[in-house]
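> Before anything else, here's the structure in question.
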Amino acid sequence: RCQWGQCVGDECGSGGLQTRTIWCVHTEGWTTHHSHCQHVDKPESQRHCFKVCDWHQNLFVWDVSEWGGCVLVPFFSNEHKLRTAECITAQHGIQRRQVHCVRTSNRTTVTLRICEFFSQKPPVEQACLIPCPQDCVVSDFTPWSSCSRTCGAGLQHRTRHVLATPMYGGAICPNLTETRTCSSLLECPAGVGEHQYSLKVGAWSECRLPHQKDALLSGRTTVDFLTGSNGSNAVTLHTQAAHQHRHHHNRHVHRFPVSWDLEVGYQTRQVRCTRSDGKNAMLSLCTKDDSPLTFKACVMPKDCQTSDWSPWSPCSKTCRSTDLSPGYRLRSRIMTQITVGGGQRCPALEEKEACNIIGDLLPNCPRYVWRTTDWDDCRVLPLLSQQDRRLANISILCGTGIQSRKTYCVQVPDPSAPHHRKEAPRNPHMSRPVNAILCTGEEPPSAVQPCSILCPHNCLLSQWSPWGGCLHDNCKEPQGKKGSRQRRRELLWESSAPPETCPHLVEFIPCEDPACYLWQVKQEGRCIPTKNSCGPGKAALNATCVDVNVPIAHCAHVRPPTEAACEVACPADCVVASWSSWSPCSHSCATRTAEGRQSRTRTVLAVPGKGGKECPAAPALEEWRVCNEHPCAVFYWDASAWGPCIEDAPTDPNGTSSWNGTSACAMGVQIRTVSCMKMNVGAVTNKRCSDSAHPETVRPCLLPCKKDCIVTPFSEWTACPSTCVPGSSSLESRYRTIIQRSANGGQECPDTLYEERECESLPVCPVYRWRTHKWHSCSPVPDSVRRGLSGPGEEACGNGLETRGLSCVGESDESANMTECLRWAGPLPPQIRECRVACKDDCALTAWSKFSECAGCGGSRRRHRALAGRSKKKEHCLNKELYPLEETETCPCVEFLSQPYGNWSACILHGPSAPGLLQGWTSHREVKECGRGLRYKAVACVNQRGHLVKPTHCTDSGYVEEVCHVPCPLDCKLSDWSAWSACSASCGSGLKTRSKWLREKSFNGGRPCPKLDLKNQVYEAAPCYSECGQYEWRIEPWSICTISAVDDMPACGEGVQSRKIRSQGTSGENSTLEDSLCDQDEMPPRAQVCFVACPQDCVMAPWGPWSNCPPQCHNGTARNRSRRVLRLPSSSGSAACPERVQSEACVLNSTCFSYQHDWSTCRLSESAACGQGSRSRLVDCVRNDGKIVDLRKCEQLGLLNKWKLSESCVVDCPVNCILSEWSSWAECSHTCGNQGKPLNSQEGRPCPLQLTQTKPCPIRPCYTWLLSDWSPCTVEGAECGEGLRRRSLSCVVHTGSWPESPPQPVDKELCGDKLRQQIQQEMEQPCFVPCPGDCHLTVWSSWSSCQLTCVEGRSFETTGRQARSRAVIIQVMENQGSCPHQVFETQPCKGGKCHSYEWRTGGWSNNERLVWCQRSDGVNVTGGCFPQKRPTPVRHCHPLCSKPFSHCTPSGVCGCEKGYTEVMTTHGFLDYCTRTPGVDNNKKADVKTNSGRLKPGPSQARDLFSEWTLRPVGPGTEMEIIFTAGPAQTHCHLFLSCLLFICSKPFQSTKTSPPTQKPLTLAYDGDNDM
């Protein structure tokens, strides 16, 4: 049959129908026809059901219980898994729980199928782990006690305590006590009884009312005195059904009482005489004269009563935060009846429970963030030293400075809350400031930062460029025939600061025939003759139009021809070289009296032959031309400094200020004047300067923005006191913070930033007081109780108690609830006191007299009384210890002594403190750091007894004050700058320096000196330049090559040519000077060998320039030059033309050059103290030998100067400490005593000065309740039995440094309500003093260490357990039957550890050793270790070692004692022991002695492992002799084949015992002959 199908039906409910399919199956599992099955047994195929609809899902839910405990998985039906040795860490278990389907409306159970329709049934079982069974673990036994009797036979005992209780089915705890008999050597003397007798008392009964009051009050307790079967006095209590004078501690009183009354009752106890064997005896054997006290008066107990619980306080967690911990809420109740006479103590008066554990439905918590105000103005002054401050002009200070701002905390609205979104202010800075403590989770923003005031930098200019070509003013539209030449220089260092008015950068000189575009003609290829191989010809020309100033090329003149006439020299023609370069111009400009001229020359390279073309005349070899024709007048544009930004156009009317303080500022203009200046003359007409380089006179600028002041809203008013404060008025305050200050005509800030007012409706402290009623008469124990009678007896007398009522009244003496006085009226007056009703035999005394007058402070006073009547003659009345007749007390003293205490405080400066200043950084007012102040010393005020009292009795402030001075810090002082030194380089660029030297070192935490050199100086370096020479060699052209011709031979071949060289000033003057003024090493040659080609020779052009060498001049590098053929040789017989290309290696100091430079130090503006500056350098062209050459030499070699000549740099700022205002004095760290130190602190960057001030607090006495230790157990009026341990509560005074200052007892009123303090403590504990012979329990052991249940060393739980126990002590064996059971208890604890247990063993001794279990912390225990793994404590050999001189060895086989050798059987067992030769009392051996060779070792281990062993190897005649050397662990195996018989007859075995054999004598002396 199938499972039931889904419930179907037309409607939801019980009218549904379920179906299933049914078929007939053979017993073997195959399907057959349904007729084969019995029709009667056919199951139903349909049934009614409850149809569940989708909306039913909200009506039903799964109800799941908590998981049950983890139980072991059973092997079979009901058999649990037993503990086995296989349990290593934990055992598998199973947990179960109940699962029901219930209605959501009333939680009634329905069928499971309804809930299964919607969701799967929750699991009802799950696997779990159970730690392995843990046995009880106990400590080691204590040492045995002393014998219970000093003579005869007695008992001794020893105990142990429980360390861990059994868990998870572990073994129970063993006996904690062991007892053994002991006996003394002394026999008990005759006449000493067999037993001891002791008076034993029981516990006091509950306090009950006398019989007289039972008739009036139902439900009281009666007492009967009976005589027990054993003859002892016993007390039997009969309690009636209506006995309800006790109240449970959780019973609440809804109506508060208006007075408290007490009743006096009595208590009784059993008293009996016990014998040391535990049996009772007659009281007369224990008591002699006085009968024991069996009754006493008592106060009827009253339990503590409380009011109902107050409503729960709001949950501390009211919002959802990232903290997942739940909130808590509190409720409280008040005490309406204090505990009296040992009644139930008060329960907890306050409850705390978790709330809002999940918190998903709570709103998000408010978020608090730091906000900051705008930065204050940048100030350089705080960074200056004291010396610089006096010298500096504050108005022009620039460079790096310091600016500050204030930080404040605000609440950020929750964006998810709709009401917050509507009310959120537009400006995030407008949030209301809150307490800064709310922002403690975040790091506050920086309140101080460095800033910068831009300094106008010095103009650092490059050298002038060469004069340019003659250009039109506007090359795009050229006009006229007059133009100008320009030269430029550049501003080398661009700074973000506005530069000073720098000198002009462009100069002009007028010129004529300007041309912006020029044709540049270059010859392409060689000259090609027209007819023959030589003679006239043509050379192709390439003409390109190049621009001089603009990128668009457009030459206005006629394009030059593309060909030019040329001539190729024939073999007999004269050959002339190309023109040289033009010489330097003789004048830089033209004047009326002088003009510049320059020349160029060419030389004859080959003389003509016959019929050849002649050479030109000598004048034709030189050309002159006029140069630098421009006049010497130089013009330039001069621009003034930019003016202020002024309005140019109307501002945009829409440019209004927005909420964030930024405004759409209007654009303005700056204007400056520009005029044309003539060098060394002054202003001229602007037409004389080029318009193309005219500087701009107007530029746009941004007008200063108008900014309104922005302040935060006022903070919330500070909270007023919620509880009453007697006799004081409180203030509440609020503040707001300036976020942005006004500027440029904006709205000014408000004057009021701080407000305060008095708190309204302060709670007034109510006035209540205790009203005490009249003392009732003294109530002793009734005589009927004393005599054991049930009816009224004689009048009672003796010790008793008297009580009085207590009520509460208000300020107008109206009755009030007692709870009001408990809260407001101070200490409770006593309601009980001891009294005595005089008996007939009592001593009669007169009343105490008044105290005598006090003689003075510190004296004493007395009072007296006397015996009256017959008491004067009674002997016991004359005992003054029992009945004192005089009392003395110390007179009250009102004199006080002032004693200074401790050391002086630091000198404290008192600066102006304005109330309401915000916590922030001072903007423009410096904090007082030095000068006059006060220092303080605390005063201890003591009375005549030496007790500390309030300091106001001695002084008003509690201090001794003294004027003091804090020395002001002195900064390091340096001198002014010295004059600049000479340039470090006599030629080229170098550095010049100036210095400051130390005048005064810093003192008292002043600014330290900068880093000084060994001469205590600091330097500054600047670049400088020295002309490499004021004189230079002036070189004239070479003369004609002079050749000595012979006869009529042509003047050709090698000759000599010369030139004039003279010394000339670098200024350009042509006057000739002495040659000694120039560098002789650099003097060019005056003559040289020359060569003029003969007519038939090949003629080559002069060499071209050398190619450039690399600057590094590496090995293997070379440079090349080339030349061309000007005239071919005349005939084939002539010499061929020489080489056309020439190479040479690059040579240091000759062909390789480089740049060198030196940086200056970082230089600041004269008005800056630190911050951004610049450093510069000059560049020289230097040969590799270090000689400086002309800079153009490097430029000619193509060495580009890519280095910057100036760059920015930073001079670190020595930041002065910036201090906030002093905070308010903190509260004293201690409210009393001499340990308090109020703090006053500053915030800021680390400072050498004090940031925290400390002064002593006034020394106030510390009054404390001191709870004494528990007293020993005392039994009242007997030797043993039930007793009490007590502790006392006393009021003491100390100075706060307890235990250094021992506490001294004072009046209890100074500490407060003693009675209320006592009812909160346990002042008495019942205890038991055993009688001799009693079988009793020991006192509780100390709590064991906290231990966790662990699996594989990891904690199985979070809370540990600790245990303690009480062992049973047996004093007399006859009392064993009455012994109590040993007890132990556990309690949870925190901070537990995982412990493991391991078996430990000692060393073997006589085949025995100690075996014990040890915990991982080193404590020896019993239990905890697996018994199955316990090592054996006794070692046995099998079979037993019964041979003479044999013993059981550590290896478990029989061996021989020292001095004997083993002889083994064929089966490897010991046969017998034979004496080892040579080891018997140093006698000589048969072979060799072992004297001095085999000394016995220092330990038994060496003796055991250094011995000979002789054993048969097999059934034959081979013997194995083994020597085992213990230390070296070496084995020598010697196999000796010995014949036992000289004759060769075979060995015969017989049943008789073996014949006596002579032992084999061996000795070993350690040599190698074995």
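> Output the residues belonging to region 322-343 that are assigned to a loop (DSSP other than H, G, I, E, B), under 32 Å from the mean Cα position of the chain (by Cα) and surrounded by 14 or more Cβ atoms within 10 Å (Cβ to Cβ). Quick ask: steps written out before the conclusion?
If we filter region 322-343 for residues that are assigned to a loop (DSSP other than H, G, I, E, B), which is where we start, we get 322-326, 333-334, 338-339, 341-343.
Going one step further and asking which of them are under 32 Å from the mean Cα position of the chain (by Cα), we end up with 322-326.
Correct list: 326 only.
> Could you please tell me which pairs satisfy a Cβ distance under 6 Å, a separation of 6+ or placement on different chains, a first residue in region 322-334 that is at pLDDT below 85, and a second residue that is part of a strand (DSSP E or B) and exposed (fewer than 14 other Cβ atoms within 10 Å of the Cβ)?
So the pair list comes out as 326/354.
> Can you list the strands (runs of 3 or more DSSP E) lying wholly within region 798-890 that have 1 or more residues being farther than 28 Å from residue 208 by Cβ, touching a Ser or Thr at 6+ places or on another chain (Cβ under 7 Å) and of a type in the set (A, V, I, L, M)?
On the way: elements: 798-803, 806-809, 832-837, 860-864, 886-890.
Ranges flagged: 806-809.
> Here is a follow-up. Could you list, in sequence order, all residues of region 93-144 that are closer than 26 Å to residue 1355 by Cα and of a type in the set (Val, Ile, Thr)?
94, 130, 137, 138
> Tell me, please, whether a residue that is of a type in the set (A, V, I, L, M, F, W, C), farther than 30 Å from residue 300 by Cα, out of contact with any strand residue (DSSP E or B) (no Cβ under 7 Å at 6 or more places or on another chain) and loosely packed, with under 14 Cβ neighbours inside 10 Å can be found in region 842-851.
yes
> Do the conditions hold for residue 825, that is, is it under 30 Å from residue 707 (Cβ atoms) and in contact (Cβ under 8 Å) with a residue 24 or more places away in the chain?
No: the conditions fail for residue 825.
> Looking at (1) free of Cβ contacts under 8 Å to residues at least 40 places away in the same chain; (2) aromatic (Phe, Trp, Tyr); (3) open to solvent by less than 40 Å² (accessible area, probe 1.4 Å), find the lone condition where residue 1003 falls short.
(3)
> Output yes when any residue across region 1261-1282 is closer than 29 Å to residue 346 by Cβ, at pLDDT 80 or above, charged (D, E, K, R) and crowded, with 16+ Cβ neighbours inside 10 Å, and no when none is. Break it down into steps so the answer makes sense when it comes.
Residues of region 1261-1282 closer than 29 Å to residue 346 by Cβ: 1262-1274, 1276, 1282.
Remaining after also requiring at pLDDT 80 or above: 1262-1274, 1276, 1282.
Okay, now just the ones that are also charged (D, E, K, R), so 1269, 1276, 1282.
Cutting the leftovers down to crowded, with 16+ Cβ neighbours inside 10 Å gives us 1282.
Yes, some residue in region 1261-1282 is closer than 29 Å to residue 346 by Cβ, at pLDDT 80 or above, charged (D, E, K, R) and crowded, with 16+ Cβ neighbours inside 10 Å.
> Among strands (runs of 3 or more DSSP E) lying entirely in region 1093-1147, which contain 3 or more residues that are within 30 Å of residue 1053 (Cβ to Cβ) and not basic (Lys, Arg)?
Result: 1141-1145.
> Inspect all residues belonging to region 274-297 and state whether any of them is in a strand (DSSP E or B) and more than 30 Å from residue 1336 (Cα to Cα).
Taking every residue of region 274-297 in turn, at least one turns out to be in a strand (DSSP E or B) and more than 30 Å from residue 1336 (Cα to Cα).
> Follow-up question, since we're still on this one. Kindly list the number of the only condition in (1) closer than 30 Å to residue 370 by Cβ; (2) of a type in the set (Val, Ile, Thr); (3) at pLDDT 60 or above that fails for residue 927.
That leaves (3) as the condition not met.
> Give the residue that is surrounded by the fewest Cβ atoms within 10 Å (Cβ to Cβ), with candidates limited to residues of region 39-76 that are over 48 Å from the mean Cα position of the chain (by Cα) and under 23 Å from residue 168 (Cβ atoms). Reasoning before the result, please.
Kept after step one, since they are over 48 Å from the mean Cα position of the chain (by Cα), are these residues of region 39-76: 39-63, 73-76.
Subsequent filtering for residues that are under 23 Å from residue 168 (Cβ atoms) retains 73-76.
Working: 73: 14, 74: 11, 75: 10, 76: 6.
That would be 76.
> Also, quick follow-up: Residue 1069 - would you say it is over 30 Å from residue 576 (Cβ atoms), open to solvent by 40 Å² or more (accessible area, probe 1.4 Å), out of contact with any Phe, Trp or Tyr (no Cβ under 7 Å at 6 or more places or on another chain) and modelled with pLDDT under 85?
yes
> State which residue is nearest to residue 824 (Cα to Cα) when the search covers only region 746-764 and only residues that are open to solvent by 70 Å² or more (accessible area, probe 1.4 Å) and not polar (S, T, N, Q).
Looking at residues that are open to solvent by 70 Å² or more (accessible area, probe 1.4 Å) and not polar (S, T, N, Q), I get 764.
> Could you give me the residue pairs with C-beta distances under 9 Å whose first residue belongs to region 782-799 and is modelled with pLDDT of 75 or more and open to solvent by 90 Å² or more (accessible area, probe 1.4 Å), whose second residue is aromatic (Phe, Trp, Tyr) and not in a loop (DSSP other than H, G, I, E, B) wherever it lies, and which are 6+ apart or on separate chains?
From residues that are modelled with pLDDT of 75 or more and open to solvent by 90 Å² or more (accessible area, probe 1.4 Å), there are no pairs.
> Okay, moving on. Tell me, yes or no, whether region 106-114 has at least one residue that is modelled with pLDDT under 80 and open to solvent by 70 Å² or more (accessible area, probe 1.4 Å). Give the steps one after another, and end with the answer.
Residues of region 106-114 that are modelled with pLDDT under 80, as a first pass: 113-114.
With open to solvent by 70 Å² or more (accessible area, probe 1.4 Å) added as a condition, the list becomes 113.
Yes - at least one qualifying residue is present in region 106-114.
> Find the residue count for region 584-631, including only residues that are part of a loop (DSSP other than H, G, I, E, B), free of Cβ contacts under 8 Å to residues at least 40 places away in the same chain and closer than 19 Å to residue 1102 by Cα.
1
> Next question, about the same structure. Please go through (1) at negative phi; (2) open to solvent by 90 Å² or more (accessible area, probe 1.4 Å) for residue 736 and return the number of the only condition it doesn't satisfy.
Only one criterion is unmet by residue 736, namely (2).
> Turning to a different aspect of this structure: Can you tell me which residue is least open to solvent (accessible area, probe 1.4 Å) among those in region 368-388 that are part of a loop (DSSP other than H, G, I, E, B) and at pLDDT 85 or above? Spell out the reasoning first.
To start, the set of residues in region 368-388 that are part of a loop (DSSP other than H, G, I, E, B) comprises 373-378, 380, 384-385.
When the remaining residues are screened for being at pLDDT 85 or above, the result is 373-378.
Values: 373: 11, 374: 65, 375: 75, 376: 38, 377: 112, 378: 34 Å².
Among residues in region 368-388 that are part of a loop (DSSP other than H, G, I, E, B) and at pLDDT 85 or above, the one least open to solvent (accessible area, probe 1.4 Å) is 373.
> Quick one: what pairs do we get from region 300-316, first residue farther than 22 Å from residue 818 by Cβ and open to solvent by less than 60 Å² (accessible area, probe 1.4 Å), second modelled with pLDDT of 90 or more and not in a loop (DSSP other than H, G, I, E, B), C-beta under 6 Å, 6+ apart or different chains?
Final answer for the pair search is 313/330.
> With the structure loaded, tell me whether residue 696 is open to solvent by 80 Å² or more (accessible area, probe 1.4 Å) and within 30 Å of residue 470 (Cα to Cα) or whether it fails that test.
Judged against the criteria, residue 696 is a match.
> Considering region 854-901 alone, what residues qualify as being hydrophobic (A, V, I, L, M, F, W, C), open to solvent by 60 Å² or more (accessible area, probe 1.4 Å) and modelled with pLDDT of 85 or more?
878 - this is the single residue of region 854-901 that is hydrophobic (A, V, I, L, M, F, W, C), open to solvent by 60 Å² or more (accessible area, probe 1.4 Å) and modelled with pLDDT of 85 or more.
> Let me ask something else. Search region 344-367 for residues being modelled with pLDDT of 80 or more and charged (D, E, K, R), and hand back the single one that is surrounded by the most Cβ atoms within 10 Å (Cβ to Cβ).
Per the criteria, the residue is 367.
> Among the residues that make up region 1048-1058, is at least one of them in contact with a His (Cβ under 9 Å, 6 or more places away or on another chain), touching a residue at least 12 places away in the same chain (Cβ under 8 Å) and open to solvent by less than 60 Å² (accessible area, probe 1.4 Å)?
Within region 1048-1058 (the criterion being in contact with a His (Cβ under 9 Å, 6 or more places away or on another chain), touching a residue at least 12 places away in the same chain (Cβ under 8 Å) and open to solvent by less than 60 Å² (accessible area, probe 1.4 Å)), the answer is no, since none of the residues qualifies.
> Could you say which residue among 722, 715 is open to solvent by 60 Å² or more (accessible area, probe 1.4 Å) and part of a loop (DSSP other than H, G, I, E, B)?
Every option except 722 fails the conditions.
> With (1) surrounded by fewer than 18 Cβ atoms within 10 Å (Cβ to Cβ); (2) modelled with pLDDT of 75 or more as the list, and residue 269 as the residue in question, which single condition is left unmet?
Condition not satisfied by residue 269: (1).
> Just to verify a result, which residue in region 1079-1100, among those that are over 24 Å from residue 1145 (Cβ atoms) and in contact with a Lys or Arg (Cβ under 9 Å, 6 or more places away or on another chain), is most open to solvent (accessible area, probe 1.4 Å)?
The residue in question is 1086.
> Could you grab me the full set of residues in region 1006-1029 that are open to solvent by less than 90 Å² (accessible area, probe 1.4 Å), within 30 Å of residue 1181 (Cβ to Cβ) and touching a Lys or Arg at 6+ places or on another chain (Cβ under 9 Å)?
Those that are open to solvent by less than 90 Å² (accessible area, probe 1.4 Å), within 30 Å of residue 1181 (Cβ to Cβ) and touching a Lys or Arg at 6+ places or on another chain (Cβ under 9 Å): 1020, 1021, 1022, 1023, 1024.
> Cβ-Cβ under 6 Å, sequence separation 6+ or interchain: first residue in region 1319-1346 and β-branched (Val, Ile, Thr), partner outside any loop (DSSP other than H, G, I, E, B) and open to solvent by 30 Å² or more (accessible area, probe 1.4 Å). Which pairs?
From region 1319-1346, the pairs are 1338/1366.
The values are calculated or read from the model by the stated rules, or taken from the named source; none is laboratory data. Keep in mind that this is a model prediction, so the values were computed, not measured. Backbone-built Cβ (ideal geometry, glycine too); neighbour counts: all protein chains shown. SASA here: full protein model, heavy atoms, side chains in, ligands and nucleic acids out. Shrake-Rupley method; radii C 1.70, N 1.55, O 1.52, S 1.80 Å.
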